[in-house]
Amino acid sequence: MSDTISTNQPVDKTTNGSPKPTSPNSDLKFDFASFWEYSAAPESSDFVEIDPKYNHFINGEFVAPVKGRYMKSINPATEKVLCEFAEGTSEDVDSAVKAARKAYDKTWPKLSGKERGKYIFRIARMIQERAREFAITESMDGGKPIRESRDVDVPLAAAYFFYYAGWADKLEYAFPGRKPKSLGVCGQIIPWNFPLLMLAWKIAPALATGNTVVLKPAESTPITALKFAEICKDSGLPEGVVNIVTGAGQTGSEIVNHPDVNKIAFTGSTKVGKIIQKTLAGTDKKFTLELGGKGPNIVFEDAPLDQAVEGIINAIFFNQGHVCCAGSRLLVQEGVADTLIQKLKDRMETLIVGDPLDKNTDIGAINSKAQFERIQQYLEIGLNEGAEMYQSSCNVPENGYFCKPTIFTNVSQSNRIVQEEIFGPVLTIQTFRTPAEAIEKANNTPYGLASGIWTDKGSKIFKTGQSIRSGVMWSNTYNKFDPTSPFGGYNESGMGREGGLHGLYPYVKF
Amino acid sequence: MSIAEIPDFKQTIPIDKIGVEERVSRLNKRSIKKESKLQALKLALSMIDHTTLEGKDSEGKVIQLCSKARTPYAPMPHLPHVAAVCVYPNMVATAKKALKGTNVKVASVATAFPSGMAQLHIKLDDTRFAVDQGADEIDMVISRGEFLKGNYSFIFDEIAAVKEACGSAHLKVILETGELETLENVRKASDIAMYAGADFIKTSTGKISPAATQPVTLVMLEAIRDFYIETGTMVGMKPAGGIRKAKEALQYLVLVKETLGAAWLTPEWFRFGASSLTNDLLMQIVKQETGVYQSIDYFSND
Amino acid sequence: MAERLEVLKTYKTYVGGKFPRSESDRTYRVTNPKGTHIANACRCTRKDLRDAVVAARTAFGDWSNRSAYNRGQVLYRIAEMLEGRKEQFVKELELAGVKEKDARVEVHTAIDRLIYFAGWTDKISQVFGTVNPVASAHFNFSSPEATGVVGIIAPDKNPLLSAISMIAPVIASGNTCIIVSSETNPLPAVSFGEVLHASDVPGGVINILTGYRSEMVDSLSSHKDVNAIFNSIEEPETRKLIDENASISVKRTSHYSPDDWFAVEHENPYLVLEFMETKTTWHPVGF
């Protein structure tokens, strides 16, 4: 008892004044479910039109694939087919690159920066106008909760176009002492976790700097890219400046290998990133890679714990954990470990897993069957490695690919679930005793994309931040994105930065 | 039950304001529709401390207030009555009489409300008077000046003394969070109040702006949660002042549900200190039940 | 009067602040363009390379954590030491067949280049760092920091100037390096190690190896504890090999094969940036 309190004896709550009723939950657990359940609040998808069949967008037109082959896009929450889309072959990629080359030689870089900027502004506005449609489509095609597609993916995608639109006529201020020139045709390959947002990260800076684009969306989430193609058409963007070719890995490989592509921008797994880097060896193609991660999220004992809990939740359960910069390794100082883990478990109980289109859903569907199976495998690996698994007690729908939010305790640095990127709602928890130990564990990985630090002490943030080798350092927050803020990794998490002024570098030469 | 050790209130529990605001903003995105909405509107109505705290209050005004409290909307007699009326000590007897035969409680502000700028014996007399008049609940104010000076033992002792003066009446401790300014102060004042014996902690007098806010309420709910874990004792929560719309009330209920859970979703453990909120809740309830948007002209102003 | 017999120098490597011979004990003959033998140099192996990477990695923590001001002073100190010994370097270049006048220009340019990059150490993050006006209530800033251990593959041309032109921008930001010196004339690079030893450069920050490039490039570019390669060899096979090896651990590669090492364009901060990573930090703003 503190000596600042002059009261002689502690107040016994049971005898002082009126006797207080104690909790009905005698084991001091909180019951978040038994009373006042939220009714279903589905976002209406009536007005969203998804065509039964989508073609490539090449040279300003939707064109059927030369070989006539189509693939299917599945709604992972229902396992039903949403649409068919073209499977790009070398012929399709070649005609897209030719269209981009023609636009590069004839129109796009010849426009003034100001005019290019105005097209990009126009695209940003059109994304905002169709925001709800894009959000619903994104949730149907990829399984992410509408709360995120509506509040994060789509508004941020528009924001990236707004930000880079403004750069188009100001590039001379971006590179001290240098005059930037565009590169030419950019081949861009994006992943399935943030389909429209990753498209914006790629296309906006490329167009602002005067390049033309051939972009391939992921095979499980092509629809918003094709709706974006409609915007390119509606905005009057000159033909061939943006070309969208759909397909799977083989189509991506055709883009990487095409001799008339000047630059490759890839976001995806480290494994594929390495293949691309090897493929490009000895060529003059520039490239940027945004690859995997195994982000450490470090909670010191002097952290604002309740906000840290929220940060941990955002770090690992945002977008079902399908986030390259996810804080998938929680490192917590021993003194607060028990308290923090209990708070985390309580918070996990309030997470709602289910229909991505329900406005109350926190965790939607795992993006694909393959990814679902991969996550299940890791859960097994974790158990076999002797880790202790805890999952929240939520219900999950019968159909579709859903995974309960999961944490593993009693893990060690050598476990596969600690070393390897799971890309799902699965968190490992390790404890540490000193800052040096935290830093050592945090850096003990080939990755280096993002990290979290939670402490009330400013000097500790700066020292820890300095010592951890990762491209993004979220202190007392996590998973924040902004078009002005550069993003990208150290080591095997990739090279180059996207976002901010730094995001212009990969698209210019001097 | 073991007696929990009283923490050292000189120690500050760190709270990140932006993080709290983000959490509130995320909770505000809960979409409350259909049955869950009607259920929550009625629940909120039953949690109101229907309040008049004006210098111009008179018996006549208080009697009308009580009438509204026991029957919020005559055309729908099945609706719940509010939890309590909240008045000045010299109006307690009137209110008590007007509410005879109902389960509506009478709460009285005391301890030199709203400033609390008086000597302890005056505050204790004020409290005893209200209790003698029949108050079921006492809403006291803490001495914010002493708190901001760091004189935490003063605050603790004062609350403990008022608690003793309350006898069997329940004690709500008003922190006046608008004058404490930081969330860390809110947390600290909450902890002092609970360890000193508060049955409820309450945000505001309604006389200072800002009054109740959701970030402040969230921090207080988290303090209640941690206190419960530490001591096994439940403490109630009352945001007061500035809550006028049904939609906001539902947002507060979401905060309670996802921080403390179902056990606190009763008038016994959660109250709204408000006056105009009652009618907005009624309008929304009638709209939900009839499908027709309502006008304030059809609801009594008391 | 009998002519005095000159004392010849044994050229060794410079690793971790020491002057070891190659672990293989092998040497190779260094000759001038006429084929006259001028010295024996160490023929380093992959094991020497391995040791050099360990030395560079060990030195990285301290060097990258030093203040930018201090790194600038150290670079300036190297230039001072080189100025003091410039006659030795002129002579060594002459030995290898360079005209005295040209040799003097090379040494002077090399000294000035060190001074140029010494001045960048405490400016690079000012010029290329940013405060980013994010839309949420967060303070957000980006600043460049050293990428780690850099492998440098130096050309044969202008062996002193080219080596210094490649080393200076790499270490200015806090990286440490291993340099595979000119194969045909490694002598200035080795002697530069002696200059480094006499200046205040911590051991391991710059590690100088000599030998056959073909015996080292493969190991250097595939080494997983090397973060980046700075290569000056234009030959397509070498570049391809380096790039392919780099993909094993997503290593950064920079190919830089200028015709004219004297050109003022080599004095440019973008060379420093090539071997830096941008780190972006977020923090909430509130009471």
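Tell me, how many Å apart are the Cα centres for the stretch A:345-400 and for the stretch C:205-274?
The stretch A:345-400 and the stretch C:205-274 have Cα centres separated by 45 Å.
Would any residue of the stretch A:195-234 have its amide N under 20 Å from a label point 7 Å out along Cα→Cβ of A:S269? List them or say none.
Flagged as within label range: A:195, A:198, A:216-222.
How much FRET efficiency would the formula 1/(1 + (r/R0)^6) give for B:E146 and B:K33, where r is the Cβ-Cβ distance and R0 is 51 Å, rounded to 0.05?
Given R0 = 51 Å and the Cβ-Cβ separation, E is 0.65.
Calculate the spin-label point distance for A:V66 paired with C:D102, positioning each point 7 Å from the Cα along the beta-carbon direction, and give it in nanometres.
5.3
Counting Lys and Arg as +1 and Asp and Glu as -1, each charge on the Cβ, what is the dipole of the stretch A:276-401 about the Cα centre in debye, to the nearest 20?
720
So, how do all the Cα-to-Cα distances of chain C break down into 5 Å bins, in percent, from 0 on up?
The calculated distribution, bin by bin, is 1, 6, 12, 17, 19, 16, 12, 7, 4, 3, 2, 1, 1, 0, 0, 0, 0, 0.
Give me the Kirkwood hydrodynamic radius of chain A, using the inverse of the mean 1/r over all pairs of distinct Cα atoms, in Å to one decimal.
Result for chain A stands at 24.1 Å.
Take every residue in peptide B:250-262, count the Cβ atoms of other chains within 10 Å of its Cβ, and give the average of those counts.
Partner Cβ neighbours, averaged per residue: 4.
Within 10 Å of each candidate Cβ there may be at most 13 other Cβ atoms; applying that plus a DSSP loop requirement, which trypsin sites (Lys or Arg not before Pro) in the stretch A:368-434 survive? Let's see the in-between values first.
Numbers: sites: A:K369, A:R374, A:R416, A:R433; in loops: A:R433.
Listed in order of number, the matching sites are A:R433.
Which three extents, in whole angstrom, do the alpha-carbon atoms of the protein assembly as shown cover along their principal axes, largest first?
On the principal axes, the protein assembly as shown reaches 129, 75, 56 Å in Cα extent.
So what is the relative contact order for the stretch B:133-219, in percent, with contacts set as C-alpha pairs under 8 Å and at least six apart? Don't jump to the answer; show the numbers that get you there.
Numbers: 127 pairs, mean separation 27.4, N = 87.
Reported relative contact order: 32 percent.
Can you give the FRET efficiency for A:Q342 and A:F35, using 1/(1 + (r/R0)^6), R0 = 30 Å, r = Cβ-Cβ distance, to the nearest 0.05?
Given R0 = 30 Å and the Cβ-Cβ separation, E is 0.85.
Please work out the Cα center distance from the stretch B:210-260 to the stretch A:415-455, rounded to the nearest Å.
34
Quick one: what are the phi-derived ³J(HN,Hα) couplings along the stretch A:223-229, Karplus 6.51/-1.76/1.60 with θ = phi - 60°, whole Hz, x for glycine and proline?
The phi angles translate into 5, 5, 5, 6, 5, 5, 4 Hz.
Among A:G184, A:Q250, A:A229, whose Cα projects farthest towards the positive end of the dipole of chain A, with charges put on the beta-carbon of Lys, Arg (+1) and Asp, Glu (-1)?
The one lying farthest along the dipole's positive direction is A:G184.
Among the trypsin sites (Lys or Arg not before Pro) within the stretch C:213-284, which fall in a DSSP loop and have no more than 16 other Cβ atoms within 10 Å of their own Cβ?
C:K224
Around C:K224, what is the net charge, scoring Lys/Arg as +1 and Asp/Glu as -1 over all other residues with Cβ under 13 Å from its Cβ?
So the surrounding residues net to +2.
Sorting check: for B:189-196, A:397-404, which peptide has the highest mean count of neighbouring beta carbons within 10 Å, and how do the rest follow?
B:189-196, A:397-404
Can you list the residues of the stretch A:415-441 with backbone N under 13 Å from a point 7 Å past the Cα of C:K224, pointing along Cα to Cβ?
Answer for this model: A:420.
Could you work out, residue by residue across B:160-173, how many beta carbons of other chains sit within 10 Å of that residue's beta carbon, and then give the average as an integer?
That average works out to 2.
Can you figure out the FRET efficiency of B:Y298 with A:S393, using R₀ = 30 Å and their beta-carbon distance, to the nearest 0.05?
Details: r = 45 Å, r/R0 = 1.49.
The value I calculate is 0.10.
Please identify which residues in the stretch C:174-193 have an amide N closer than 12 Å to a label point set 7 Å out from the Cα of C:E235, following the Cα→Cβ vector.
Only C:183-184 fall inside the zone, counting backbone N under 12 Å.
With θ set to phi - 60°, apply the Karplus curve 6.51 cos²θ - 1.76 cosθ + 1.60 along the stretch A:490-500 and write out the HN-Hα couplings as whole Hz, x wherever there is a Gly or Pro.
Going residue by residue, I get 8, 6, 7, 8, x, 9, x, 10, 10, x, x Hz, with x marking Gly and Pro.
Report the net charge of residues surrounding C:H138, where surrounding means a beta-carbon distance below 13 angstrom and charges are Lys +1, Arg +1, Asp -1, Glu -1.
-2
Highest mean first, what order results for A:202-211, A:43-52 on Cβ atoms within 10 Å?
Final packing ranking: A:202-211, A:43-52.
Which whole-number percent is the relative contact order of chain A (Cα, under 8 Å, 6+ apart)?
Details: 1106 pairs, mean separation 86.0, N = 510.
Value for chain A: 17 percent.
Take A:D46 and A:E172, extend 7 Å from each Cα along the Cα→Cβ direction, and tell me the distance between the two endpoints in nm.
5.5
With only Lys, Arg, Asp and Glu charged, each at its Cβ (+1 for the first two, -1 for the last two), find how big the charge dipole of the protein assembly as shown is about the Cα centre; round to the nearest 20 debye.
So the dipole magnitude of the protein assembly as shown works out to roughly 1400 debye.
Return the calculated 222 nm mean residue ellipticity for the protein assembly as shown, to the nearest 500 deg cm²/dmol, obtained by summing -39500 (n - 2.57) across DSSP H runs with n ≥ 4 and dividing by the residue count.
Values: 36 runs with 434 residues, N = 1099.
Value at 222 nm, helices only: -12500 deg cm²/dmol.
To the nearest whole number, what is the average tally of beta carbon atoms from other chains within 10 Å of the beta carbons of peptide B:16-29?
Partner-chain Cβ atoms within 10 Å, mean over residues of B:16-29: 6.
Given a cut-off of under 8 Å on Cα pairs at least six residues apart, what relative contact order in percent is computed for the stretch A:296-481?
30
Only loop residues by DSSP count here, and only those with at most 15 other Cβ atoms within 10 Å; note down the GluC sites (Glu not before Pro) in the stretch C:193-287 that meet that.
Details: sites: C:E194, C:E215, C:E234, C:E237, C:E244, C:E265, C:E267, C:E274, C:E277; in loops: C:E234, C:E267, C:E274.
Loop-located and lightly packed - C:E234.
Please arrange A:Y163, C:Y76, C:Y69, A:Y478 by how many other C-beta atoms lie within 10 Å of their C-beta, fewest to most.
With the fewest neighbours first, A:Y163, C:Y76, C:Y69, A:Y478 line up as C:Y69, C:Y76, A:Y163, A:Y478.
Taking the Kirkwood radius as the inverse of the mean 1/r across Cα pairs, report the Rg/Rh of the stretch A:296-481.
We get a ratio of 0.95 for the stretch A:296-481.
Looking at the stretch C:36-284, send over the antiparallel percent of its DSSP beta bridges, to the nearest 5.
Restricted to the stretch C:36-284, the bridges split so that about 40 percent are antiparallel.
Arranged by the count of other C-beta atoms within 10 angstrom, fewest first, what order do A:K67, A:K263, A:K179 take? Provide the component values of the computation, followed by the final result.
Working: A:K67 13, A:K263 23, A:K179 9.
Going from least to most buried by this count: A:K179, A:K67, A:K263.
If one takes the longest principal axis of the Cα atoms in chain C, at what angle in degrees, from 0 to 90 and to the nearest 10, does the Cα axis of helix C:46-65 lie?
Taking Cα atoms only, the helix is inclined about 40 degrees.
Where a number appears in this text, it was derived from the coordinates with a stated rule and is not lab data. Only a predicted model underlies this, so the values are computations on that prediction, with no experimental measurement involved. Don't worry about glycine lacking a Cβ; one is built from the backbone with ideal geometry, like all the others, and counts go over all protein chains shown.
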